[in-house]
Amino acid sequence: MKLTTFVSIVLICLVVMISVPAFAQDHTRGWENGPVMVVSEVHTKPGMFNAYINDLNNVWRKFQEAQKADGYVLDYGVFVNPSPREGEPDLFLTVTYANWAAFDVGTEYFEKQSEKLMGSLEDMRDATINRAELRTLGGSMTLQQITFKDSE
């Protein structure tokens, strides 16, 4: 019985000694939330790569530039996957927003931009339908960057 009590006391002491460093860890927040990026996967249809890139340059890029001028978009990009494996996208589209508030602009803003760029909402709808002949969309993900604070 004494041996069991002694072993229990030794185990408790070891647990306490191991736990002390965990309490001493720095739990201050040395980072801030940064910009938000949306990454979209695109699978261009066979023989339609150039047509789709031209479409991006004509409509998508102008829409991103308009949002950039209004301060909602910080940056955007088109990245090619030069050697996609089976099932992987051949393009990635990225749009970087200053923060989550850029997603709360409202439908009216996007309708106004669509009419300005395409002429009417009907023309925008037709362009979206026609775009399906050029590509299929894969998944997308939304990421938020973490920016580190300078340590003092």
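If one computes the Cα centroid of the stretch 102-152 and of the stretch 54-69, what distance in Å separates the two points? Using only Cα atoms, the two centres lie 10 Å from each other. Between helix 2-23 and the chain, what is the angle of the helix's C-alpha long axis to the longest principal axis, kept within 0 to 90° and rounded to the nearest 10? The angle comes out near 40 degrees. Relative to the longest principal axis of the Cα atoms of the chain, the long axis of helix 107-118 makes an angle of roughly 40 degrees. If you plug the beta carbon distance of Phe148 and Phe103 into 1/(1 + (r/R0)^6) with R0 = 25 Å, you get a FRET efficiency near 0.55. Across q = 0.15 Å⁻¹, the stretch 31-148 modelled as identical point scatterers on its alpha-carbon atoms has Debye log10 I(q)/I(0) values of -0.76, in the order of the q list.
Using θ = phi - 60° in the Karplus curve 6.51 cos²θ - 1.76 cosθ + 1.60, the 3J(HN,Hα) couplings for the stretch 49-61 round to 4, 4, 4, 5, 4, 4, 5, 4, 5, 7, 10, 4, 4 Hz; x is entered for Gly and Pro.
Helices in the chain, meaning DSSP H runs of at least 4 residues, each add -39500 (n - 2.57). Divided by all residues, the mean residue ellipticity at 222 nm is -12500 deg cm²/dmol.
Read-outs: derived from the displayed coordinates by stated rules, not from any lab. None of these values were measured; they are calculated from a predicted model. Here Cβ is always computed from backbone atoms with ideal geometry, including for glycine, and neighbour counts include all displayed protein chains.
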